[in-house]
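Engineer: The structure's right below; bear with me while I get my questions together.
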Amino acid sequence: MRREGSPFQGTGTVLVKELADHLSSVRMRVLEWLIVLTAAAALYGAIDTLRQSTAEDPFLLLRIFTVERSPLPSFVTILGFLIPLMAIGLGFDAINGEHNRGTLSRILSQPIYRDALLAGKFLAGLGTIAISLTALWLLVVGLGLLLLGVPPGGEEVLRALAFLCVTILYAGVWLALAMLLSVILRSPASAALVALGLWLLFMVLWPMLGPALAQVIAPPDPQYALLGLPTPETLEWQQRLLRVSPNYLFGEAMLAILSPSTRALGPVFLEQLQGAVMGAPLPVLQSLMLAWPQTVGLIAAVIVLFTAGYVLFQRQEVRA
Amino acid sequence: MNPQVISAHGLTKRYGQVEVVKGIDLELAKGETFGLLGPNGAGKTTTILMMLGLTDISAGEIRVLGHDPAREPLTVKRRVGYLPDSVGFYEHLTAIENLAYSGKLMGLSPQERDRRIGAALARVRLTDAAGKKVGTFSRGMRQRLGLAEVIMKRAEIAILDEPTSGLDPQSTLEFLDLIRELKSDGVTILLSSHLLDQVQRVCDRVALFKDGRIVLAGSVGELARQVLGSGFSVEVEAEGEGLEARLAAISGVSSVRRTSPTCYRLSADRDVRPDAARAVVAANGALTRLSVDEPSLEAIYTRYFQQTDKTEVRDAA
């Protein structure tokens, strides 16, 4: 039997209210400044490096995002590191916060479905992140124009826009994860801790654990080792395991989109490179196709995590 | 006969193997004030949540204003106002902003919303605090704000879950007055509480919950007759001859006890003061005092649970 009315009645209202809350909250202010300041430092380093090497680079704008000067990592690396933090900050108390304040049963006794509350909150979080990231992106591009004085080509702008979209998606994964935890765990503090734990796991531990696990699953062949080559099977497993991490997927997609000369994301045999002009850039469309599987992976992660949260939330008891 | 606005038959809620609400039957007529009584954990809140479609029904059926809350929750929730146990508001928003958010969710137009919010806040006497953040509100003010939300909704049924628990006596009295005002507007009110004298003060009928069952239901007088045998205790202080026999002859009086030479205590199933006065006067007696103890819900409640506990102990033995 169908439920009466639209499940999304009231979504807009929740969205607007939550967006206003996010944009005016101290928490958001702090996170924004953290990202802006770190990114500014990375950007300064990148632009300084670019100015000194006046090589004729056709993708000057994209270099702003990827060039790094030690000790600072590149702009993209910093975003990959800090965006999850921002998304977790926005989502970890989405549902359990309402529970603990005693507002959940009051809001749900209004003529709306639970769908509206969850979807409204998710979209508001994503909207907040999208607004901040777009502002940051415009700032970076503007600064690049001012300080480098080279106008970007159409292809560069397209790639930069693709970068923005994938970054927002990446934030969506972490937001959906944080909201899932806010449904499962009754206390916001434990939800935040678990989310941060997962963040640390994927950020720091997984890049080390992945290769180690791959060696356990598919031990390296001594024949390859003698030649100083990695065993293809081990390498494949390593990549499979690493791609579990949204962080790794984001990194790969960024590599394909922002470095036009990237031809493949993964191990390639020498024969596959026959006839290739090494270092020559790929057309935008080809680069996007290269990044597409990773992007789909991110979209799938958002959907899976959001759906899990949705199902659990529908079944949850509202009483305090 | 007023139409039934809430009717439940065999309403049951199970959590896994545990039955929290065990097949209750309930009928609420339009415009009446009904009290759900019972100790904490007796299934009152679960019953309320089932009425609102906020929790699934395991068995049985329920109709609220003729609709099934599980299938048509939006219609039901549009017409029923709910004030949850320990209601919460967004602390960083003002009273008006909080109500405006609910108003938007109710689907009211901006002008209509503003008008209703102003009126509702005036009703619950929060107009002065309208622009203040809810974070600064006392518990009593929050409860009143919650009631303002119900008023603003123009709900036909107001469900109030433990509305006065944790309030000081003054706020409790004020809140009960507000409930009475709501009642005089013709709103059907379902009140859950474990504070008995308050329920008695405002409710027409009550249902006593115990372990997920309604063990007693009816008006306070009816319950008193069922549980205490006779509900009213009338004290007559008079001098005269043969009063005891005359008083005992009044219809409805079950027993007369002479507590002192001039003092008689009558147990009756109704207020027999007029008859007692007449009887004394007819016997040429001098009536010096006449008073009645109305049956208190507390007495009924305590007696009932004592009785059942005793039988349970006996059964166990």
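The values are calculated or read from the model by the stated rules, or taken from the named source; none is laboratory data. Please read these numbers as outputs of a predicted model, since none were measured by experiment. When we count neighbours, we look across all protein chains shown, and the Cβ atoms used for this are built from the backbone with ideal geometry, even at glycine.
Engineer: Given B:PRO69, B:PRO73, which one is assigned by TED's automatic domain parsing to the domain that holds B:LEU178, in contact with a Leu (Cβ under 7 Å, 6 or more places away or on another chain) and under 17 Å from A:ARG114 (Cβ atoms)?
Structural biologist: Selected residue: B:PRO69, the only one of B:PRO69, B:PRO73 that is assigned by TED's automatic domain parsing to the domain that holds B:LEU178, in contact with a Leu (Cβ under 7 Å, 6 or more places away or on another chain) and under 17 Å from A:ARG114 (Cβ atoms).
Engineer: Going by the conditions given, is A:PHE65 crowded, with 24+ Cβ neighbours inside 10 Å, more than 14 Å from every other protein chain (Cβ to nearest Cβ), under 18 Å from the mean Cα position of the chain (by Cα) and not β-branched (Val, Ile, Thr)?
Structural biologist: Working: crowded, with 24+ Cβ neighbours inside 10 Å: yes; more than 14 Å from every other protein chain (Cβ to nearest Cβ): yes; under 18 Å from the mean Cα position of the chain (by Cα): yes; not β-branched (Val, Ile, Thr): yes.
Yes: the conditions hold for A:PHE65.
Engineer: Pick out the one residue from A:LEU79, A:LEU133, A:LEU148, A:LEU60 that is more than 14 Å from every other protein chain (Cβ to nearest Cβ), more than 30 Å from A:SER187 (Cα to Cα), surrounded by 18 or more Cβ atoms within 10 Å (Cβ to Cβ) and not β-branched (Val, Ile, Thr).
Structural biologist: On inspection, the qualifying residue turns out to be A:LEU60.
Engineer: Separate question: Go through A:ALA124, A:ALA191 for me and flag whichever is within 14 Å of another protein chain (Cβ to nearest Cβ), touching a Leu at 6+ places or on another chain (Cβ under 6 Å) and surrounded by 21 or more Cβ atoms within 10 Å (Cβ to Cβ).
Structural biologist: The conditions single out A:ALA124.
Okay, residues lined up against (1) on the phi > 0 side of the Ramachandran plot; (2) surrounded by 18 or more Cβ atoms within 10 Å (Cβ to Cβ); (3) not assigned by TED's automatic domain parsing to the domain that holds B:GLY186:
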site: B:GLU19; (1), (2), (3): no, no, no
site: B:ILE24; (1), (2), (3): no, yes, no
site: B:PHE34; (1), (2), (3): no, yes, no
site: B:GLY41; (1), (2), (3): yes, no, no
site: B:LYS44; (1), (2), (3): no, yes, no
site: B:LEU49; (1), (2), (3): no, yes, no
site: B:ASP56; (1), (2), (3): no, no, no
site: B:ALA59; (1), (2), (3): no, no, no
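Engineer: So how many residues does segment B:78-100 have that are buried (at least 22 other Cβ atoms within 10 Å of the Cβ) and more than 24 Å from the chain's Cα centre (by Cα)? Walk me through it before giving the result.
Structural biologist: Step one: list which residues in segment B:78-100 are buried (at least 22 other Cβ atoms within 10 Å of the Cβ), which gives B:80-84, B:87, B:89, B:95, B:98-99.
Next, only the ones that are more than 24 Å from the chain's Cα centre (by Cα) stay: B:89, B:95, B:98-99.
Count: 4.
Engineer: Would you be able to tell me the number of residues in segment B:13-32 that are closer than 18 Å to B:GLU156 by Cα and either polar (S, T, N, Q) or assigned to a strand (DSSP E or B) (or both)?
Structural biologist: Residues flagged as closer than 18 Å to B:GLU156 by Cα and either polar (S, T, N, Q) or assigned to a strand (DSSP E or B) (or both) within segment B:13-32 amount to 4.
Engineer: Mind listing whichever residues of segment B:68-77 are buried (at least 19 other Cβ atoms within 10 Å of the Cβ) and either acidic (Asp, Glu) or at the interface with chain A (Cβ under 9 Å from one of its Cβ atoms) (or both)? Full working, then the answer.
Structural biologist: At the first step, the residues of segment B:68-77 found to be buried (at least 19 other Cβ atoms within 10 Å of the Cβ) are B:69, B:73-77.
If the condition is that a residue be buried (at least 19 other Cβ atoms within 10 Å of the Cβ) and either acidic (Asp, Glu) or at the interface with chain A (Cβ under 9 Å from one of its Cβ atoms) (or both), then B:PRO73, B:LEU74, B:THR75, B:VAL76, B:LYS77 are the ones that fit.
Engineer: Please give the number of the condition A:SER245 fails out of (1) over 15 Å from the mean Cα position of the chain (by Cα); (2) within 19 Å of A:ALA212 (Cβ to Cβ).
Structural biologist: (1)
Engineer: For the list (1) in a helix (DSSP H, G or I); (2) out of contact with any Ser or Thr (no Cβ under 7 Å at 6 or more places or on another chain), I need the number of the one condition that A:GLY275 fails.
Structural biologist: (1)
Engineer: With the requirement that a residue be of a type outside the set (A, V, I, L, M) and over 25 Å from B:TYR304 (Cα atoms), what does segment B:14-44 give you?
Structural biologist: Passing the criteria: B:ARG14, B:TYR15, B:GLY16, B:GLN17, B:LYS30, B:GLY31.
Engineer: Find the residue count for segment A:88-129, including only residues that are charged (D, E, K, R) and free of Cβ contacts under 8 Å to residues at least 24 places away in the same chain. Please lay out each step first, then the result.
Structural biologist: Of segment A:88-129, the ones charged (D, E, K, R) are A:93, A:98, A:101, A:106, A:114-115, A:121.
Right, trim to free of Cβ contacts under 8 Å to residues at least 24 places away in the same chain and you get A:98, A:101, A:106.
So the answer is 3.
Engineer: OK, next. Tally time: how many residues in segment B:72-128 are in contact (Cβ under 8 Å) with a residue 40 or more places away in the chain and touching a strand residue (DSSP E or B) at 6+ places or on another chain (Cβ under 6 Å)?
Structural biologist: Qualifying residue count for the region: 7.
Engineer: I'd like the residue in segment A:5-52 that is in contact with an Asp or Glu (Cβ under 8 Å, 6 or more places away or on another chain) and within 14 Å of chain B (Cβ to nearest Cβ) and, out of all such residues, is farthest from A:PRO84 (Cα to Cα).
Structural biologist: The extreme case among them is A:PRO7.
Engineer: Still on this model: Please count how many residues of segment B:46-67 are of a type in the set (A, V, I, L, M, F, W, C), under 18 Å from the mean Cα position of the chain (by Cα) and at the interface with chain A (Cβ under 9 Å from one of its Cβ atoms). Before the answer, list the steps.
Structural biologist: Of the residues in segment B:46-67, the ones of a type in the set (A, V, I, L, M, F, W, C) are B:48-52, B:54, B:57, B:59, B:62, B:64-65.
Narrowing the set further to residues that are under 18 Å from the mean Cα position of the chain (by Cα) leaves B:48-49, B:51.
Next cut, at the interface with chain A (Cβ under 9 Å from one of its Cβ atoms) only: B:49.
Qualifying residue count for the region: 1.
Engineer: Condition (residue is under 17 Å from B:SER193 (Cα atoms) and touching a Ser or Thr at 6+ places or on another chain (Cβ under 9 Å)) applied to segment B:94-103: is it met by at least one residue? Give the derivation first.
Structural biologist: Step one: filter segment B:94-103 for residues under 17 Å from B:SER193 (Cα atoms), giving none.
So far as segment B:94-103 goes, no, none of its residues is under 17 Å from B:SER193 (Cα atoms) and touching a Ser or Thr at 6+ places or on another chain (Cβ under 9 Å).
Engineer: Would you say B:THR75 is in contact with a helix residue (DSSP H, G or I) (Cβ under 9 Å, 6 or more places away or on another chain) and at pLDDT 90 or above?
Structural biologist: no
Engineer: How many residues, within segment B:82-125, are of a type in the set (A, V, I, L, M, F, W, C) and more than 9 Å from chain A (Cβ to nearest Cβ)?
Structural biologist: Qualifying residue count, segment B:82-125: 11.
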